[in-house]
Amino acid sequence: MHGRARVSIGFNRSDALSMSFVEAMAMGSFPVQSSSSCGHEVATPGHGALFVSPSDADALASALQRGLTDDALVDSASELNHAVCRTWFDVRKVRLRVLDAYERILDDNRLHSIGA
């Protein structure tokens with residue numbers, strides 16, 4: 001659905017990194033996301049996505065209208081977000097980061113076991 005949509009909305013009072021947000025970025029749909037998420041850590045606010053307060057319905061309506069009418073913003077965001085997804089979410093890169101994290105946990109546990 002994100003691949004067919006022009007704009008995707010994620011509007012929650014609290015949300016970490018929403019997978020729907022990531023899917024929108026990857027599939028070319030312009031993300032409008034609540035500012036309570038950590039999506040701003042991977043998407044450039046105002047360029048790759050719009051972030052609005054989850055308690056501000058007027059800001060949501062304005063962001064939605066901009067996403068529906070600003071072709072230059074949506075087109076450039078699609079390119080920018082694809083590049084971000086290749087950097088942050090490429091399965092090979094994620095695999096290496098996960099394996100590294102597990103190795104650090106194991107090393108830390110070994111150090112604690114030796115000192116115990």
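The values are calculated or read from the model by the stated rules, or taken from the named source; none is laboratory data. Everything numeric here is computed off the predicted structure, so don't read it as measured data. Neighbour counts run over all protein chains shown; Cβ positions are idealised from the backbone, glycine included.
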Considering (1) touching a residue at least 40 places away in the same chain (Cβ under 8 Å); (2) under 18 Å from ARG66 (Cα atoms); (3) surrounded by fewer than 18 Cβ atoms within 10 Å (Cβ to Cβ), say which one ALA5 fails and leave the rest.
(1)
Members of region 83-116 found to be under 14 Å from the mean Cα position of the chain (by Cα) and of a type outside the set (Val, Ile, Thr), listed by number:
ALA83, CYS85, ARG86, TRP88, PHE89, ASP90
Would it be correct to say that LEU80 is within 19 Å of HIS2 (Cα to Cα) and within 18 Å of the chain's Cα centre (by Cα)?
yes
Region 9-22 residues that are under 20 Å from GLN65 (Cα atoms) and assigned to a strand (DSSP E or B), paired with ones that are of a type in the set (A, V, I, L, M, F, W, C) and at pLDDT 80 or above (beta carbon under 7 Å, 6 or more apart):
ILE9/VAL32; ILE9/LEU64; GLY10/PHE21
Among the residues of region 51-64, are any of a type in the set (Phe, Trp, Tyr), without any contact (Cβ under 8 Å) to a residue 40 or more places away in the chain and under 20 Å from SER8 (Cα atoms)?
yes
Suppose we filter VAL74, VAL42 for residues that are of a type in the set (Val, Ile, Thr) and over 12 Å from the mean Cα position of the chain (by Cα); which single one remains?
VAL74
Looking at this structure, is ASN81 modelled with pLDDT under 90 and of a type in the set (S, T, N, Q)?
no
When the residues of region 8-31 are filtered to those that are buried (at least 16 other Cβ atoms within 10 Å of the Cβ) and among the charged types (D, E, K, R), which remaining residue is modelled with the highest pLDDT?
GLU23
